[in-house]
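Peer 1: Following this message is one structure expressed as structure tokens.
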């Protein structure tokens, strides 16, 4: 157990899940429900107790890290917050890559309420997420230009990987927004109107706006890919159709002269081979010219230009 006596008015205590007996005396009467969840719960949840006459409390569990590859690879901690104390269970501060723990403790040390200390931690947690989201933005920008420069099936796989990562980020952010609303619902004195609460809310909303915008970008990429794939599929089918039509005379004459009839006048012609060759070439070119005049070939038989979506 770690205990931080951060001010004369409140304290922050950290426990592991094995310290149940040491946690129980610190809780209010409704703390047994939270302790049971600490033992059994492995998902996000939140409870707000704000009686008219009695101490207000916000408690629950929060998943703060999640692997993009394995749904069972995540980090969760449990919290219990009143005006004069903040209790955490299984909070691994060493897992945060971008949080300066000494600076965090100094910031929390300046607060007058446990709720403000908890809000400062949430703000730093949001900073941690925002740094990771910035890296996501770099990868998304690279992906956007890859679609133009080298559009292939592998790119589509990367698009849907980014889409899945975005869904994971949003699943982490939703319970944090709920927690912010829970603190508002509890209506702790001077907290909802304070600078710390406002700053933390702005960080949460900034992350929400960024993820929503990235979601619009990825949806636009997916729509673009669907249009391009549909267009190219249609072009391929048209091209195959045109090629089949152009070579129809060759196949027809080949089928005709491949028959085994006993009497075939062409077999006795001195220049029959040359005649057949010229006839095949002439009818093929005639048919191609007809398709060209009608405008049915378009640019189907041209190669795709590098860096172009359709040409």
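Throughout, read-outs are computed from the coordinates displayed, never taken from laboratory work. It should be emphasised that the depicted structure is a prediction, and the values quoted were computed from it without experimental measurement. In this analysis, Cβ positions are derived from the backbone assuming ideal geometry, glycine residues included, and neighbour counts consider all displayed protein chains.
Peer 1: What number results when the radius of gyration of region 247-294, computed over Cα atoms, is divided by 2.2 N^0.38 Å?
Peer 2: 1.34
Peer 1: By how many degrees, 0 to 90 and rounded to 10, does the Cα axis of helix 195-246 deviate from the longest principal axis of the chain?
Peer 2: 10
Peer 1: With springs only between Cα atoms under 10 Å apart, run a GNM on the chain and tell me which of 289, 54, 258 wobbles the most.
Peer 2: Taking springs between Cα atoms under 10 Å, the residue moving most is 258.
Peer 1: Hey, what does the equivalent ellipsoid look like for the chain, semi-axes from the Cα gyration tensor as sqrt of 5 times each eigenvalue, largest first, whole Å?
Peer 2: So the three semi-axes of the chain are 74, 19, 15 Å.
Peer 1: Give the average over all directions of the projected area of the C-alpha convex hull of region 211-293, one decimal, in nm².
Peer 2: Result: 8.4 nm².
Peer 1: Going by how many other beta carbons lie within 10 Å of each one, how would you line up 284, 241, fewest first?
Peer 2: 241, 284
Peer 1: Using Cα springs under 10 Å in a Gaussian network model of the chain, which residue among 17, 255, 186 shows the largest mean-square fluctuation?
Peer 2: Comparing 17, 255, 186 in a Gaussian network model of the chain, the most mobile one is 255.
Peer 1: Taking the chain as a Gaussian network, Cα atoms linked when under 10 Å apart, which of 97, 170, 294 shows the biggest mean-square fluctuation?
Peer 2: Answer for the Gaussian network model of the chain: 294.
Peer 1: A follow-up question, please. Compute log10 of I(q)/I(0) for region 12-82 with the Debye formula, placing one identical point scatterer on every Cα and leaving out solvent, at q = 0.16, 0.24 Å⁻¹, to two decimals.
Peer 2: Debye curve over Cα of region 12-82, log10 I(q)/I(0) at q = 0.16, 0.24 Å⁻¹: -0.60, -1.14.
Peer 1: Counting DSSP beta bridges in region 2-227, what percent are antiparallel, to the nearest 5?
Peer 2: Counting only bridges with both partners in region 2-227, antiparallel ones make up about 80 percent.
Peer 1: Next up: Rounded to the nearest 10 degrees, what's the angle between the helix 272-294 long axis and the longest principal axis of the chain, both from Cα atoms, 0 to 90?
Peer 2: 50
Peer 1: Take the alpha carbon gyration tensor of region 1-137, find the square roots of its eigenvalues, order them as a ≥ b ≥ c, and report rounded if a/c is under 1.5; if not, report prolate when a/b exceeds b/c, else oblate.
Peer 2: The shape class here is oblate.
Peer 1: Using the alpha-carbon atoms, what tilt in degrees (0 to 90, nearest 10) does helix 114-149 show relative to the longest principal axis of the chain?
Peer 2: 10
Peer 1: May I pose another question? Let me check I have the definition right: for region 102-208, take the eigenvalues of the Cα gyration tensor, multiply each by 5, take square roots. What are those semi-axes in whole Å, largest first?
Peer 2: Output for region 102-208: semi-axes of 37, 14, 9 Å.
Peer 1: Which values of log₁₀ I(q)/I(0), to two decimal places, follow from the Debye formula for region 72-159 at q = 0.20 Å⁻¹ with a uniform point scatterer at every Cα?
Peer 2: -0.97
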